[in-house]
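Here is the structure we will look at.
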Amino acid sequence: MKQLHHKLSLFDSPDFAEKFHCDLPLGALCGQEKTIFRLWAPTAQQVTLRLYENGNDCDSFEEIPMTPCPRDTWEHCLSGYHSGLYYDYAVTVEGITQSTADPYARACGVNGQRSMVIDLSATDPKDWNEDKAPARPAEDIIYEIHVKDFSWDTASGVLPKWRGKFKALCQTGTTLNHIGIHPTLIDYLKRLGVTHIQLMPVYDYGSVDESGEDTQFNWGYDPVNYNVPEGSYSTDPYHGEVRIRELKEAIQSLHKNGFRVIMDVVYNHTHRLDSWLHRTVPWYYHRRNGDGTPSNGSGCGNDIAAERSMAAQYILESVLYWAEEYHMDGFRFDLMGLLDVELMNRIRSALDERYGVGEKLVFGEPWSAGPTACIPETRLALKGNLTALHPGVGAFCDATRDAVKGDLMHIDGRGFVNGGGMDAETLRHCLIGWVDAPGDFSVAAPSQTISYLSSHDDWTLWDRLVYTMDEKQDFEGYQPNILRANRMAAAINACCQGHLFQLSGEEFGRTKLGIRDSYCSSVTINRMDWNRAWKNRALVDYYQGLYALRKQIPAFCDKDADAARHILSVEQLAEDACMALIENEGGSWSRLCLLFNAGAQEQSVRIPDGTWKVLADIDSSFRWQEEQTAQEEMILSPVSVLFLGKMS
Ligand code: CA
């Protein structure tokens with residue numbers, strides 16, 4: 001369904017892959033005594049290496065014809081130590097010569113237009129060799145941030161020179177407006193209890209001019225140099241080593257502060273069709289429609305042909321590089337549905353082999369922006385193929401997302417918490433992470449489910465609730481009914497098996513004033529509003545309590561294929577109310593009773609036999625710290641939850 005007629009090419013023949021597939025290390029391999037430049041360019045007639053003193057505005061001081069080698073790589077060996085030397089290539093294909101940076105570059109000058117030779121060991125921050133991720137947590141609670149919007153708000157207490165930069169992730173002890181009371185940035189996240197920080201694109205992207213104004217903003221889903229950090233997040237984009245060191249420092253700091261780090265990777269398309277990959281081997285890395293036009297399943301006009309052997313290898317090696325050199329603990333694949341199942345499984349296995357089973361998280365979006373023109377037999381990592389993926393490859397679960405707050409395709413779509421009704425069967429699927437579900441989102445185990453309510457895409461949870469619940473459309477308000485719905489949504493998500501995920505600021509009712517996809521909106525719209533985080537601190541506390549509770553409930557954290565067995569029953573109590581019974585062996589409470597009332601009427605509920613402790617209700621998610629037992633009959637107020645734990 002998601003495949004279009006594909007233009008067959010020489011590149012698709014098994015002979016081509018067999019003859020030209022290259023396993024040698026590519027790029028500029030920098031040693032103390034020599035640097036080897038090696039480029040894979042099987043269709044090139046000539047390749048010239050050009051050397052520069054800086055990364056942008058000077059002429060080359062030397063041009064060296066490269067030597068063709070077996071497997072159709074082009075090589076040149078430069079004796080001496082050359083870290084800091086800038087270079088690019090002139091590649092001639094079918095008589096046309098084009099300049100290109102090195103697609104395998106690991107460092108570059110400003111805006112990534114020229115590559116740089118780099119001695120990576122010289123970029124390591126102090127004690128980098130001792131840097132280690134914190135131990136694996138009881139549950140993965142992933143918090144998605146954008147480097148610039150996280151610390152753009154000066155109320156965050158960030159040092160002015162680090163505002164919007166990688167370095168802001170190294171700053172601890174920050175408080176709201178420097179007053180010394182309410183923690184912000186890293187300290188705030190520690191208190192919240194999330195376990196993983198997911199960084200929206202931090203590879204070098206093209207939509208922000210690194211030599212321009214600091215107020216520019218973009219999400220960054222437009223890769224230019226896949227294996228180099230973005231320059232606008234560094235304090236100096238002109239010297240290639242600075243961005244590398246500063247990203248490593250940020251990761252080291254996150255690790256020290258108890259977080260694992262996930263990288264958002266975008267291997268499904270490039271900033272423009274006219275990419276370094278395309279200039280090096282025209283049409284090898286991109287899918288084409290039958291009429292020769294570039295395939296557009298990414299919505300960006302240039303889908304990567306990930307199924308071709310050197311494209312697959314490029315992606316796999318890039319992932320392994322970020323894991324090894326930058327100590328990344330996981331990868332989130334943008335439009336994973338444009339990549340193939342085989343490649344995703346290869347990535348999973350390679351990471352398991354190097355770092356231990358499951359040590360690195362791997363998940364992605366199991367969809368694309370449209371149909372793509374891949375080789376016909378390609379099995380894409382789309383929703384329909386999730387069970388063919390390794391159980392350690394996860395997918396964003398749009399089924400729970402939409403069930404809770406409404407179908408994303410319709411602005412007025414409603415879910416459980418905003419008047420769309422609540423039925424026991426859908427709730428059961430949410431709770432078991434859609435394992436063996438009848439619909440299009442169906443996985444083999446909750447290890448594959450990323451359960452979430454909001455991400456950077458589409459509306460924030462708050463804005464979505466305002467659209468559906470507030471006639472005045474007051475996005476900046478703190479409406480009690482919306483706060484209640486938000487709490488209920490978070491409470492439901494906290495009970496779903498799978499990995500938990502949230503957009504930064506969801507916990508304080510983050511608003512983008514109703515803007516759906518703010519990828520190129522101003523930094524003011526996008527920035528984390530730290531004053532709002534304080535004003536809405538009761539909601540923040542509610543998320544904090546839910547996360548602390550979640551980590552204590554083995555039944556929810558179980559990722560095994562048979563984890564659904566813990567969900568003993570889900571029954572309809574009334575039209576808009578449900579009750580779930582959970583077996584929780586090994587936890588502080590032998591069973592859980594979860595009560596949900598999404599309706600406008602209060603519900604009186606008879607609690608199952610036994611002594612039950614109140615763990616959470618709509619007012620507090622920290623009841624488990626108190627000593628309150630449930631009555632035989634409990635009243636569920638409108639739009640509320642009540643979680644009980646059986647005293648054993
Ligand atoms: Ca850039």
Looking at (1) surrounded by fewer than 19 Cβ atoms within 10 Å (Cβ to Cβ); (2) within 26 Å of His5 (Cα to Cα), find the lone condition where Gly258 falls short.
(2)
Is it the case that some residue within region 301-313 is surrounded by 18 or more Cβ atoms within 10 Å (Cβ to Cβ) and of a type in the set (S, T, N, Q)?
yes
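Looking only at region 150-161, decide whether some residue is under 19 Å from Asn526 (Cα atoms), in contact with a Ser or Thr (Cβ under 6 Å, 6 or more places away or on another chain), surrounded by fewer than 22 Cβ atoms within 10 Å (Cβ to Cβ) and modelled with pLDDT of 95 or more. Working first, answer last.
Step one: filter region 150-161 for residues under 19 Å from Asn526 (Cα atoms), giving 150-158, 160.
With the extra rule that they be in contact with a Ser or Thr (Cβ under 6 Å, 6 or more places away or on another chain), the set shrinks to 156-158.
Imposing the further condition that a residue be surrounded by fewer than 22 Cβ atoms within 10 Å (Cβ to Cβ) reduces the set to none.
Within region 150-161, none of the residues are under 19 Å from Asn526 (Cα atoms), in contact with a Ser or Thr (Cβ under 6 Å, 6 or more places away or on another chain), surrounded by fewer than 22 Cβ atoms within 10 Å (Cβ to Cβ) and modelled with pLDDT of 95 or more.
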Mind counting the residues in region 4-27 that are of a type outside the set (A, V, I, L, M) and exposed (fewer than 13 other Cβ atoms within 10 Å of the Cβ)?
7
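Quick one: which of Glu325, Glu246 is at pLDDT 95 or above and surrounded by fewer than 22 Cβ atoms within 10 Å (Cβ to Cβ)? Please lay out each step first, then the result.
Details: Glu246 fails: surrounded by fewer than 22 Cβ atoms within 10 Å (Cβ to Cβ).
None of the others qualify; the one that does is Glu325.
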So Arg71 ticks every box in (1) in contact (Cβ under 8 Å) with a residue 60 or more places away in the chain; (2) in contact with a Cys (Cβ under 7 Å, 6 or more places away or on another chain) but one. Which box is left unticked?
(1)
Enumeration of residues in region 322-361 that are hydrophobic (A, V, I, L, M, F, W, C), within 16 Å of the chain's Cα centre (by Cα) and assigned to a loop (DSSP other than H, G, I, E, B):
Met328, Leu335, Leu339
Are there any pairs, at least 6 apart or on different chains, whose C-beta atoms fall under 6 Å, with the first in region 111-129 and within 16 Å of the ligand (Cβ to nearest atom) and in a helix (DSSP H, G or I) and the second at pLDDT 95 or above and not aromatic (Phe, Trp, Tyr), and if so, which?
Asn111/Glu210; Gly112/Asp204; Gly112/Val224; Gly112/Asn225
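Which one of Thr280, Thr270, Thr215 is under 24 Å from Ser521 (Cα atoms), in contact (Cβ under 8 Å) with a residue 12 or more places away in the chain and over 22 Å from the mean Cα position of the chain (by Cα)?
Numbers: Thr280 fails: under 24 Å from Ser521 (Cα atoms); Thr270 fails: over 22 Å from the mean Cα position of the chain (by Cα).
After applying the criteria, what remains is Thr215.
In region 511-541, what residues are assigned to a loop (DSSP other than H, G, I, E, B) and hydroxyl-bearing (Ser, Thr, Tyr)? Can you show your working first?
Initially, region 511-541 is screened for residues assigned to a loop (DSSP other than H, G, I, E, B), giving 511-522, 527-529, 536.
Once the filter is applied, which keeps residues that are assigned to a loop (DSSP other than H, G, I, E, B) and hydroxyl-bearing (Ser, Thr, Tyr), region 511-541 yields Thr511, Ser518, Tyr519, Ser521, Ser522.
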Checking the conditions here, which among Asp204, Asp222 is surrounded by fewer than 24 Cβ atoms within 10 Å (Cβ to Cβ), within 23 Å of Ser115 (Cα to Cα) and at pLDDT 95 or above?
Asp222
Residues satisfying the stated conditions in region 550-566, i.e. within 25 Å of Ile635 (Cα to Cα) and touching a strand residue (DSSP E or B) at 6+ places or on another chain (Cβ under 6 Å):
none
Just for region 548-557: of the residues that are in contact with a helix residue (DSSP H, G or I) (Cβ under 7 Å, 6 or more places away or on another chain) and surrounded by 21 or more Cβ atoms within 10 Å (Cβ to Cβ), which one is farthest from Leu465 (Cα to Cα)?
Ala555
Looking only at region 599-648, and only at residues there that are in contact with a Phe, Trp or Tyr (Cβ under 8 Å, 6 or more places away or on another chain) and β-branched (Val, Ile, Thr), the one that is nearest to Ala580 (Cα to Cα)
Val641
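Taking the criterion of being outside any helix (DSSP H, G or I) and at pLDDT below 95, would at least one residue in region 386-406 satisfy it? Talk me through it step by step, then tell me what you get.
Residues of region 386-406 outside any helix (DSSP H, G or I): 389-397, 406.
Among the residues that remain, those that are also at pLDDT below 95 are: none.
No, that holds for no residue.
Strands (runs of 3 or more DSSP E) wholly in region 542-648 with at least 3 residues that are closer than 18 Å to Ala485 by Cβ and out of contact with any His (no Cβ under 9 Å at 6 or more places or on another chain) - which ones? Steps first, please.
On the way: elements: 567-574, 577-583, 591-597, 603-606, 612-617, 633-636, 640-646.
Passing ranges, in order: 591-597, 640-646.
Residues Ala533, Ala616, Ala580, Ala598: which one is modelled with pLDDT of 95 or more, crowded, with 17+ Cβ neighbours inside 10 Å and within 30 Å of Asp214 (Cα to Cα)? First the steps, then the outcome.
Numbers: Ala616 fails: within 30 Å of Asp214 (Cα to Cα); Ala580 fails: within 30 Å of Asp214 (Cα to Cα); Ala598 fails: within 30 Å of Asp214 (Cα to Cα).
None of the other options fit; the residue is Ala533.
Can you tell which of Gln113, Gln32 is surrounded by fewer than 24 Cβ atoms within 10 Å (Cβ to Cβ), under 31 Å from the mean Cα position of the chain (by Cα) and not charged (D, E, K, R)?
Values: Gln32 fails: under 31 Å from the mean Cα position of the chain (by Cα).
Result: Gln113 is the single residue among Gln113, Gln32 that is surrounded by fewer than 24 Cβ atoms within 10 Å (Cβ to Cβ), under 31 Å from the mean Cα position of the chain (by Cα) and not charged (D, E, K, R).
For (1) touching a residue at least 24 places away in the same chain (Cβ under 8 Å); (2) not in a loop (DSSP other than H, G, I, E, B), each residue gets a yes or a no:
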{"residue": "Val417", "(1), (2)": "yes, yes"}
{"residue": "Phe441", "(1), (2)": "yes, no"}
{"residue": "Ser455", "(1), (2)": "yes, no"}
{"residue": "Trp459", "(1), (2)": "yes, no"}
{"residue": "Asp474", "(1), (2)": "no, no"}
{"residue": "Leu483", "(1), (2)": "yes, yes"}
Filter result for the condition that a residue is closer than 23 Å to Asp457 by Cβ, acidic (Asp, Glu) and surrounded by fewer than 18 Cβ atoms within 10 Å (Cβ to Cβ), over Asp440, Asp423
Asp440
So which residues in region 34-72 are farther than 17 Å from Leu277 by Cα and in a loop (DSSP other than H, G, I, E, B), if there are any at all?
Glu53, Asn54, Gly55, Asn56, Asp57, Cys58, Asp59, Ser60, Phe61, Met66
Residue list for region 305-321, filter: within 20 Å of the chain's Cα centre (by Cα) and either assigned to a loop (DSSP other than H, G, I, E, B) or among the β-branched types (Val, Ile, Thr) (or both)
Ala306, Ile315, Val319
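Name the residue, out of Tyr104, Tyr87, that is assigned to a strand (DSSP E or B), at pLDDT 95 or above and either crowded, with 19+ Cβ neighbours inside 10 Å or within 15 Å of the ligand (Cβ to nearest atom) (or both). Working first, answer last.
On the way: Tyr104 fails: assigned to a strand (DSSP E or B).
Criteria check complete, one pass: Tyr87.
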What single numbered condition from (1) within 29 Å of Tyr452 (Cα to Cα); (2) within 16 Å of the ligand (Cβ to nearest atom); (3) not basic (Lys, Arg) fails to hold for Asp149?
(2)
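The values are calculated or read from the model by the stated rules, or taken from the named source; none is laboratory data. No experiment lies behind these values; they were computed from the predicted model shown. Here the Cβ is made from the backbone with ideal geometry for all residues, glycine too, and neighbour counts use every protein chain on show.
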